[in-house]
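The values are calculated or read from the model by the stated rules, or taken from the named source; none is laboratory data. These numbers come from a predicted model, not from an experiment. With ideal geometry, Cβ positions are generated from the backbone for all residues, glycine too; neighbour counts draw on all protein chains shown. Note: areas computed on protein heavy atoms with side chains; ligands, DNA, RNA excluded. Shrake-Rupley method; radii C 1.70, N 1.55, O 1.52, S 1.80 Å.
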Amino acid sequence: VQLQASGGGLVQAGGSLRLSCEASGAIWDDHFKGWYRQAPGEERELVAEISSWGATNYAESVKGRFTISKDDAQKMVYLQMNNLRSEDTATYLCNLRVPSRGLSMWGQGTQVTVSS
């Protein structure tokens, strides 16, 4: 499986961006698609995750501002980011994990920069 992320960019505080991640190859039935982010000097953190059955999980810092969604037919996962803040600036990475198989796969990052 390969993951291709896109949609990052430079935006002013209060603005919006939509990240996309396309998965190629076979995907297992039980899986989680997620977005993580990593800022310079910081640890990678989970931003949002969605299970194959549609359950979602968000970091507290993004609840009410970010929405994760998926299109199974297109093997896509999206992250709609609204009301962006400077602290959201980071490299965002998409992830596919399959707990039953002990697998965790990463796409390349896409940079999100929020100017204040």
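Considering segment 37-54 alone, what residues qualify as being at pLDDT below 95 and closer than 11 Å to Tyr92 by Cβ? Result: no residue meets the conditions.
Here's a check for you: in segment 37-47, which residue that is without any contact (Cβ under 8 Å) to a residue 60 or more places away in the chain and assigned to a strand (DSSP E or B) is surrounded by the fewest Cβ atoms within 10 Å (Cβ to Cβ)? Here the residue is Glu45.
Here's the yes/no breakdown for (1) of a type in the set (D, E, K, R); (2) more than 22 Å from Ala59 (Cβ to Cβ):
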{"site": "Leu3", "(1), (2)": "no, no"}
{"site": "Arg18", "(1), (2)": "yes, no"}
{"site": "Gly25", "(1), (2)": "no, yes"}
{"site": "Gly41", "(1), (2)": "no, no"}
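Among the residues of segment 5-36, the ones that are open to solvent by less than 60 Å² (accessible area, probe 1.4 Å), assigned to a loop (DSSP other than H, G, I, E, B), at pLDDT below 95 and among the aliphatic types (A, V, I, L, M) come to 1 in all.
When segment 57-104 is filtered for residues that are more than 12 Å from the chain's Cα centre (by Cα), surrounded by fewer than 15 Cβ atoms within 10 Å (Cβ to Cβ) and in a strand (DSSP E or B), the ones remaining, listed by number, are Asp71, Leu103, Ser104.
Pairs are defined by a Cβ separation below 7 Å, a sequence spacing of at least 6 or placement on different chains, a first member in segment 101-113 that is under 14 Å from Pro40 (Cα atoms), and a second member that is open to solvent by less than 70 Å² (accessible area, probe 1.4 Å) and in a loop (DSSP other than H, G, I, E, B); the pairs so defined are Thr110/Gly7; Thr110/Gly8; Gln111/Gly8; Val112/Gly8; Val112/Thr89; Thr113/Thr89.
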